[in-house]
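The structure under discussion appears below in the form of structure tokens.
The values are calculated or read from the model by the stated rules, or taken from the named source; none is laboratory data. Quantities reported herein were computed from a predicted structural model and do not represent experimental measurements. All Cβ positions, glycine included, derive from the backbone under ideal geometry; neighbour counts span all protein chains shown. Accessible surface areas use protein heavy atoms only, side chains included; no ligands, DNA or RNA. Shrake-Rupley method; radii C 1.70, N 1.55, O 1.52, S 1.80 Å.
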Amino acid sequence: MLLEGKCIFGMSSTPNTQSVFTGKGSSADSIEPDQFLPVVQEVLSSTAFIDMHTHLFSPALGKLGLWGIDELVTYHYLEAEFFRSSSMTPEHYWALEKQQQADVIWRALFVENTPLSEATRGVVAALQAFGLPTDCADLKDARAFFAAQTLDDHIRRVFEMAGISAAVMTNDPLDPIEGPLWMKGLESEPRFQPVLRLDRILLGWSSHWQQLAAQGYEVDESASRESTSELRRFLVDWHVLMRPVYMAVSLPDLFQFPEPSILGKLLSEAVLPTCRELDLPLSLMIGVRKQVNPRIRLAGDAVGRADLRGLEHLCATYPDNRFLVSLLSRENQHELCVYARKFNNLMPFGCWWFLNNPSIVEEITRERIELLGTSFIPQHSDARVLEQVIYKWRNTRATLAPILSGSYRLLCRDGRAVRRQDIEHDVKRLFVSNFARWTNQEIN
Ligand code: RAT
Ligand code: ZN
């Protein structure tokens, strides 16, 4: 039993009721249990995190980088909710201009209804963070505010408000807008770390191999042996252009490995060996069921439970590859922790997309701490619009604080004192150094 304010063994059946703290926990600087929550909150808010998966873009990538109120309100998470609260058809909605789309969503979700969902509350929180009204009939004031910002200062301010030092991007070399910008050569921007995203290549080879061919790589539709060695050359060349911190792909719930498919071949013969050669981790985001409702476009993807034997095979067969793994199905989360206990080349990360709600984040994070200690990465924002990092990271900190302090209370009850530096070490490991170590980045 935990005695309030005192970190001692209090079990009546325990013969020795004296403090049994030894080693690093025995000093006078140990924290009283009733102080765990405020200290954890303080450490969480004063630690700058690395946001290890977003869809944000550095200013050098121009209009790809989304920010401001119209983008916030037309986030695809909100579009999905809009069609539940409005009779407007998707076809009608897509024919509107961006500002008109934002206006109809604002009216349906924020004026005619109370914005209670996680995604709608996020917009409210972002407005409030800038001192903007949160219950206006229209978006006039918010538009005026964002129009008055200069992007570079705004990014600095937003990162500071979100408590992040860097955002990791998602960069597709075959994106028709993005690819040519990289080919011209882009200055590196430490606040935005590149990632070589491989979805078009790995999942859409039959309609994208021609793009590689046009860039001078000798590839063919059947992904012959020569093609896979040319794909390796392509990846190495793009590594030189982008300097990515990892390679990534989002995979369906039905993903299997090994399998006699183009995906299986490209993974085993090109991507995995190149990741080893370049010493880069591969991020696998598994469980998406693409376009179950194509009428609502980006909002039309769903989730399916995956069979993780493919992941087991990858971790077991390629011990020299490192895998960052996020799974979309809630039902897969416990298995992921178990696999992470078996394979130290597997780093679970984030509570992705439909999982990024406090109730589910809480459940998953508790489970991960209980099974993995601090050897995982609790969250990424997946932000698509710059200001989203403000609310997403605020919510993560708010959800994590009681979970972490609860873990310290249990540890304390079991006989180990906890000091502020222990908490600082743990928070840094979870939100900075696990990722930095995995991606070979120096941290101070
Ligand atoms: O969360 C999202 O915004 C999804 O649409 C996906 O982009 C997902 O995060 C991904 O990276 O594929
Ligand atoms: Zn994403």
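Below is a table of values for the structure above.
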| quantity | calculated |
| --- | --- |
| Pairwise FRET efficiency - A28 versus E226, Cβ, R0 = 60 Å, nearest 0.05 | 0.30 |
| The chain, Cα convex hull volume normalised per residue, Å³ | 166 |
| The stretch 29-188: C-alpha pair distances exceeding 30 Å, % | 30 |
| Alpha-carbon Rg with Dmax, taken over the stretch 143-185, Å | 14.3, 35 |
| Longest DSSP-loop-exposure-free segment, GluC sites (Glu not before Pro), the chain, at most 14 other Cβ within 10 Å | 222-441 |
| Heavy-atom surface of the chain, accessible at 1.4 Å and reported per residue (Å²) | 44 |
| Filter on K98/K392; K184/K392; K265/K342 - keep pairs with C-alpha separation over 31 Å | K184/K392 |
| The stretch 231-329 - Rg over Rh from alpha carbon coordinates, Kirkwood radius | 1.00 |
| 14 Å cut-off, amide nitrogen to a point 7 angstrom out along S117 Cα→Cβ, residues in the stretch 64-78 | 73-78 |
| Where Rh is the Kirkwood radius over Cα pairs, Rg/Rh for the stretch 318-444 | 0.96 |
| Heavy-atom accessible surface of the chain: percent carbon and sulfur, 1.4 Å | 51 |
| For H380, distant residues with modelled amide H under 5 Å away | G350, C351 |
| Two-site FRET efficiency, Q215 against L372, from Cβ-Cβ distance with R₀ of 51 Å, rounded to 0.05 | 0.80 |
| Cα pair distances exceeding 18 angstrom across the stretch 128-199, given as percent | 58 |
| Cut-off under 5 Å, modelled amide H: who pairs with L66 long-range | F57, L386 |
| Mean Cβ neighbour count within 10 Å, used as a protection proxy, ranking 393-399, 281-287 highest first | 281-287, 393-399 |
| Check: the stretch 143-243 dipole with +1 on Lys, Arg Cβ and -1 on Asp, Glu Cβ, in debye | 320 |
